[in-house]
Amino acid sequence: MTDEQYDKLPDSFRKFRQQYIQTQATKEEEKGPNTKPEIDDDFEKEIALQIPIGKRCRLLNGGHRGSVRYGINFNISQLDKCLKWD
């Protein structure tokens, strides 16, 4: 099948892909240039300061172990659902 014959088909992956790309571009334009949520620098700072650098932890889902390498701002209540502190 030639490209010209394929392009004449009413439903093809090529047409689907073009529509998908156009739809995604439209969605990105609607979002605007800065769509990231702004988080206050002091968000749960007190909780983050209680977790010392080097503290060991283990994921509850999968059991992977790790350690805190640097301080970040995060939601501790969500973190407690997936980590077990050693």
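No lab work stands behind these numbers, since they all come straight from the coordinates. All of these numbers come straight from a predicted model, not from anything done at the bench. When we count neighbours, we look across all protein chains shown, and the Cβ atoms used for this are built from the backbone with ideal geometry, even at glycine.
Distance between the 7 Å Cα→Cβ label points at LEU9 and ARG65: 5.4 nm. Here the simple spin-label model places points 7 Å from the Cα toward Cβ, and for ILE21 and LYS55 these points are separated by 4.9 nm.
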